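Worksheet: the structure to be examined is printed underneath.
The values are calculated or read from the model by the stated rules, or taken from the named source; none is laboratory data. Computed from a predicted structure; not experimentally measured. Cβ atoms come from the backbone with ideal geometry, glycine included; neighbour counts cover every protein chain shown. Please note that ligands, DNA and RNA were not included when accessible areas were found on the heavy atoms of the full protein model with its side chains. Shrake-Rupley method; radii C 1.70, N 1.55, O 1.52, S 1.80 Å.
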Amino acid sequence: MRSTIVVGLGGAGGWHALAWAADEALATGGRLVLCHACPPESPLAASGPSAPMGRLELADPQLARAVASTRARLGGDRVALRVLPGRPAAVLVEAAADADLVVVGWPSRSGPHGLRSTAHHVAAHAPCSVVVARPVDGRGPLAGHVVIGVDDSDAGRAALEFGFAHADLRRRPVAAVRVAAHGDQDYWYDETTLSTHFTTEPADLDLLAAEVEPWMRKYPEVPVKRAVFTGQPVAGLTRAASGAALLVVGDHGRGRVARALLGTVSDGALETARGPVAVVHGFERRNGGPR
């Protein structure tokens, strides 16, 4: 069955989110749902979820062009439009109920630390993984990689599953990154060339090897680096992801009781990363059962 990708249109990063989501749909062969929230008094609100193109062209020509160009690229049968009245965050979370992935633009700064932004709300409440799309900025030792934050938790393993699948599909290398609180330099080990960038092997590389090995067996064509960056988790991952094609983090903060909260690391990554971030929820599937 084809995957369903929901993308939120509108806001500062909406058009970049659309470009990222369309690329993903093209690579996966998935179905793309363009989701647009409009004010209740908008002429589009009276049209129902599937607004006719003629009315769309009159009410919002820019949105109409985006829909037409995306359908021309992917095929009309793979692109649906949902126009719903309400707040963008609530509309996107509702649309996510039947989605495999939601893509949104980068967080606004409308509230303290952006905590009330659409991106944060969707990442906290959506029942599937969420990508916050940004242009790639900066250049670091792991530029062009899919950088995955790794620990020995279910959330960390869900991030590895998502990151390796994405890298395999996009033919990109993976950098599995562990952030250690102690130390004075960053380390990495290239599994393909067997080259090292440290004098004494840090203990955290053993944990990385154990967590990464099953995914290396499943995706043998994906080049892999294991890396240990020092410092606080958010700062270390942000530094590791400089220039990365995607930063993937598992969310430790969501659960049946605290559904509205993101974990500290995933929340911080959305704020500070200088490129696209995937927040992967590993503790439950859409139907509420365990992964």
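One table, with the values for the structure above:
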quantity	calculated
Helices (runs of 4 or more DSSP H) fully within region 61-162 counting 1 or more residues that are over 16 Å from the mean Cα position of the chain (by Cα) and within 24 Å of Arg2 (Cβ to Cβ)	61-74, 88-95
Residue in region 215-222 that is in contact with a strand residue (DSSP E or B) (Cβ under 7 Å, 6 or more places away or on another chain) and of a type in the set (Lys, Arg) present	no
Filter result for Ala89 (within 26 Å of His120 (Cα to Cα), modelled with pLDDT under 90 and small (Gly, Ala, Ser))	no
Test: Ala119 is out of contact with any Pro (no Cβ under 7 Å at 6 or more places or on another chain) and either open to solvent by less than 30 Å² (accessible area, probe 1.4 Å) or modelled with pLDDT of 85 or more (or both)	no
Which listed residue is in contact with a strand residue (DSSP E or B) (Cβ under 6 Å, 6 or more places away or on another chain), surrounded by fewer than 18 Cβ atoms within 10 Å (Cβ to Cβ) and at pLDDT below 90, from Ala59, Ala51, Ala45	Ala45
Test: Val234 is at pLDDT 70 or above, within 18 Å of the chain's Cα centre (by Cα) and more than 26 Å from Leu169 (Cα to Cα)	yes
Filter pass, Ala68 being closer than 29 Å to Val136 by Cβ, in contact (Cβ under 8 Å) with a residue 24 or more places away in the chain and not acidic (Asp, Glu)	no
Matching residues, region 199-226, being surrounded by 14 or more Cβ atoms within 10 Å (Cβ to Cβ) and modelled with pLDDT under 90	Pro202, Asp204, Leu205, Leu207, Leu208, Ala209
